[in-house]
Amino acid sequence: MPSDTPLILSFDTSAAHCAAALLSGDRVLAAQQVEMAKGQAEALMPMIEAVMDTGGAGLRDLTAIGVGIGPGNFTGVRISVSAARGLALALGIPAVGVTLLEALREGHDGPVLASIDARRDEVYLQRFAEGAHRGPEMVAFDAIDDSWSLPGLMCLGNRAAEIATKLNTETGPAPYAPAPAIARIAARRYRDGAPRPAPLYLRSPDAAPARDTGPVLL
């Protein structure tokens, strides 16, 4: 599929889904998203293959890869970031990390407050506004206050309607699904020489190392 138009593969498993998209220029050639709480490791590569087949392209046709880096599920973030690094290395192309908060905001020009469920009655928040960016942060839902508000602010994402009510502002849907949004952002960034994708973790892992010293292995 030779073309001068950049061809971007994107995928994300950082939330309770497995998602992938293939973008050529400004046109989505193929996209899939399946909601799942677990099993993304087994589902991701077949989904990538299906998206590439539907889009009529091969991996060697790709210009760059976009990948969701969180914040979200630890295991899910690692799955997609590892896959992106491996594919990029094998194909000799750049991989671009994009946060899900950035993906939520994609397509909006005005001030946006993006939110993602962090469980335990907490949310990941990031405000996008010229000269007034804030976050990303993990915030207890009850602690969201007027310091997050701005004139004309649009709340997007998980619990957006509740947050908009708290801040007396507007809410609306995200313009794009996660994978197409990630692809669009990666298409703008892949030439910038960004470092390879790295997970964005805003919460400490639930599992902690044992305090007892383990046996010495001889």
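Right, V77: β-branched (V, I, T) and within 23 Å of G39 (Cα to Cα) or not? Spelling it out, V77 is indeed β-branched (V, I, T) and within 23 Å of G39 (Cα to Cα).
The single residue among R119, R159 that is of a type outside the set (A, V, I, L, M, F, W, C) and either surrounded by 13 or more Cβ atoms within 10 Å (Cβ to Cβ) or on the phi < 0 side of the Ramachandran plot (or both) turns out to be R159. Only residues that are under 21 Å from T13 (Cα atoms), under 16 Å from the mean Cα position of the chain (by Cα) and part of a loop (DSSP other than H, G, I, E, B) were counted in the range 101-144, giving 2.
Can you find a residue that is assigned to a loop (DSSP other than H, G, I, E, B), in contact with a helix residue (DSSP H, G or I) (Cβ under 9 Å, 6 or more places away or on another chain) and basic (K, R) anywhere in the range 164-183? No, the range 164-183 contains no residue that is assigned to a loop (DSSP other than H, G, I, E, B), in contact with a helix residue (DSSP H, G or I) (Cβ under 9 Å, 6 or more places away or on another chain) and basic (K, R).
Screening L59 with (1) modelled with pLDDT of 95 or more; (2) under 21 Å from Y176 (Cβ atoms) gives one miss only, at (2).
Of the candidates V77, V51, the single residue that is within 12 Å of the chain's Cα centre (by Cα) and either farther than 25 Å from P195 by Cα or part of a helix (DSSP H, G or I) (or both) is V77. Does A83 satisfy being touching a Phe, Trp or Tyr at 6+ places or on another chain (Cβ under 9 Å), crowded, with 19+ Cβ neighbours inside 10 Å, assigned to a helix (DSSP H, G or I) and among the small types (G, A, S)? It is true that A83 is touching a Phe, Trp or Tyr at 6+ places or on another chain (Cβ under 9 Å), crowded, with 19+ Cβ neighbours inside 10 Å, assigned to a helix (DSSP H, G or I) and among the small types (G, A, S).
Of all the criteria given as (1) at pLDDT 95 or above; (2) of a type in the set (G, A, S); (3) surrounded by 19 or more Cβ atoms within 10 Å (Cβ to Cβ); (4) within 21 Å of L202 (Cβ to Cβ), the one not satisfied by A64 is (4). For D12, the test of being charged (D, E, K, R), outside the structural domain of E137 (by TED's automatic domain parsing), at negative phi and in contact (Cβ under 8 Å) with a residue 40 or more places away in the chain is passed. Here is the figure for the range 1-42: residues that are closer than 25 Å to N158 by Cα and surrounded by fewer than 14 Cβ atoms within 10 Å (Cβ to Cβ) total 5.
Rundown of residues vs (1) buried (at least 19 other Cβ atoms within 10 Å of the Cβ); (2) in contact with an Asp or Glu (Cβ under 8 Å, 6 or more places away or on another chain); (3) closer than 21 Å to G72 by Cβ, yes/no style:
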{"position": "L91", "(1), (2), (3)": "no, no, no"}
{"position": "G97", "(1), (2), (3)": "yes, no, yes"}
{"position": "S115", "(1), (2), (3)": "yes, no, yes"}
{"position": "R134", "(1), (2), (3)": "no, no, yes"}
{"position": "D145", "(1), (2), (3)": "no, no, no"}
{"position": "P180", "(1), (2), (3)": "yes, no, yes"}
{"position": "I185", "(1), (2), (3)": "yes, yes, yes"}
{"position": "R191", "(1), (2), (3)": "no, no, no"}
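Within the range 146-193, the set of residues being under 18 Å from the mean Cα position of the chain (by Cα) and β-branched (V, I, T) comprises I182, I185. Regarding A41, is this residue within 19 Å of G58 (Cα to Cα) and of a type in the set (A, V, I, L, M)? Spelling it out, it is not the case that A41 is within 19 Å of G58 (Cα to Cα) and of a type in the set (A, V, I, L, M).
The values are calculated or read from the model by the stated rules, or taken from the named source; none is laboratory data. Here the structure is a predicted model, which means the values were calculated and not measured. As a convention, Cβ positions derive from the backbone with ideal geometry for all residues, glycine included, and neighbour counts pool all protein chains shown.
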